[in-house]
Amino acid sequence: MKKVLLAMFIIVATTLVACSSSSSNQTEEFPTTDIEIVAPASPGGGWDGTARAMQKLFSDENIIEENMNVVNKPGGGGEVGWQYLMDQDAHHFSINSSLLITNNLLGQSDLTYEDFTPLGILTTEWISVAVAPDSEFDSGIDIMDKLKEDPTSLKIAVAPSLGNNDHLAFVQAAKEHGVDVTQLEFMIYDSGGDVVTALLGDHVDVATMSVSEAKEQHEADKLKIVATGSEEPIEGLEEVETWKEQGIDMVFPHWRGVMGPPDMTEEEIAYWDDRISELVETEAWQDILENNEWQAFYKDSEEAEAFLEEQTANYEELLRDAGLTD
């Protein structure tokens, strides 16, 4: 009888140890295979640059030991890459931006941020308003005063389409100042370079574009940045007042983030929170931000989810105010 009881005890104990070991291994094993970062665009540009910077620094800084690859899935303003991510597991994540939200609101995609697992917001490029150096306007508020009197009095350059951040940042500033934004006359160009050319050639009166697209020409006195949508004056452009400093209470980030596929576990989310938060604190990441004229804008997975909800509500209102949606 004692032998039987001893045998049963050994079996139970062995089973418990095995289960405990198995459970522990399941937590510790992730990731179990190569990591894939989805850049939902062709090589080059912000999405691809962000993905490749993350791949390099995760490896160079010894944050992740597993092999990492960047896969480019261009098409549909991110749609192709994000549809691809829908069918992957937590070893895959994608770069995202405001297009994830506006594509849906404009009826160009069925996907929303709620279809994915937000993992973080990484960076922002602030958006500027610029004029020709000999313009009558010395500040953003001068422009808005003119538009408040007559919303059709100025031609405003934007690229590459209405409904993007450059467009909506200007719309929000104008709206906050009491301008009838449905009457604004936007001239649409193919790229930021074309916007600068149009401004320098006096084909338009005002241009809205990212700070990085305007800064070099501003420093060369070929155009004049008169406002930015940043929280505080931008380093190197301290002479340019933000909209807030000019009395328009708004901040408008042109952000990029990362998201995983649907239904990730708490452990998988925690893994990425830990690794991404470590990445953004490295000196090498700060160098990448500086070299690309990006600004730090980190939010973890929980903060990112709340941020995306807030951004969706804001974009929905702005698109409606601009007459692009009902």
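The values are calculated or read from the model by the stated rules, or taken from the named source; none is laboratory data. Just so it is clear, the structure is predicted and the values come from calculations on it, not from any experiment. Virtual Cβ from ideal backbone geometry, glycine too; neighbours counted across all protein chains shown.
Conditions (1) hydrophobic (A, V, I, L, M, F, W, C); (2) within 29 Å of ALA214 (Cα to Cα), marked per residue:
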{"residue": "GLU238", "(1), (2)": "no, yes"}
{"residue": "GLU241", "(1), (2)": "no, yes"}
{"residue": "HIS254", "(1), (2)": "no, yes"}
{"residue": "GLY257", "(1), (2)": "no, yes"}
{"residue": "THR265", "(1), (2)": "no, no"}
{"residue": "ILE269", "(1), (2)": "yes, no"}
{"residue": "ASN291", "(1), (2)": "no, yes"}
{"residue": "ALA306", "(1), (2)": "yes, no"}
{"residue": "GLN311", "(1), (2)": "no, yes"}
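Within region 179-235, which strands (runs of 3 or more DSSP E) (wholly inside it) include 1 or more residues that are modelled with pLDDT of 95 or more and of a type in the set (Phe, Trp, Tyr)? Lay out the reasoning, then the answer.
Working: elements: 185-188, 206-210, 224-228.
The qualifying strands (runs of 3 or more DSSP E) are 185-188.
Mind checking whether some residue in region 294-308 is part of a loop (DSSP other than H, G, I, E, B) and touching a Leu at 6+ places or on another chain (Cβ under 8 Å)?
So in region 294-308, the residues part of a loop (DSSP other than H, G, I, E, B) come out as 294, 300.
Of the ones still in play, those that are also touching a Leu at 6+ places or on another chain (Cβ under 8 Å) are none.
No, every residue in region 294-308 fails to be part of a loop (DSSP other than H, G, I, E, B) and touching a Leu at 6+ places or on another chain (Cβ under 8 Å).
Can you report the number of residues in region 241-257 which are under 18 Å from ASN165 (Cβ atoms), crowded, with 17+ Cβ neighbours inside 10 Å and in contact (Cβ under 8 Å) with a residue 24 or more places away in the chain?
8
Go through (1) buried (at least 18 other Cβ atoms within 10 Å of the Cβ); (2) free of Cβ contacts under 8 Å to residues at least 24 places away in the same chain; (3) basic (Lys, Arg) and name the single condition LYS56 misses.
(1)
Considering only residues of region 162-197 that are of a type in the set (Gly, Ala, Ser) and surrounded by fewer than 16 Cβ atoms within 10 Å (Cβ to Cβ), which is nearest to GLU241 (Cα to Cα)?
Here the residue is GLY178.
Please go through region 34-83 and give me each residue that is among the small types (Gly, Ala, Ser), within 23 Å of ASN104 (Cα to Cα) and in a loop (DSSP other than H, G, I, E, B), ordered by number.
Within region 34-83, ALA41, SER42, GLY75 qualify.
So, in region 73-83, exactly how many residues are in contact (Cβ under 8 Å) with a residue 40 or more places away in the chain and either under 14 Å from ARG256 (Cα atoms) or buried (at least 18 other Cβ atoms within 10 Å of the Cβ) (or both)?
The total comes to 2.
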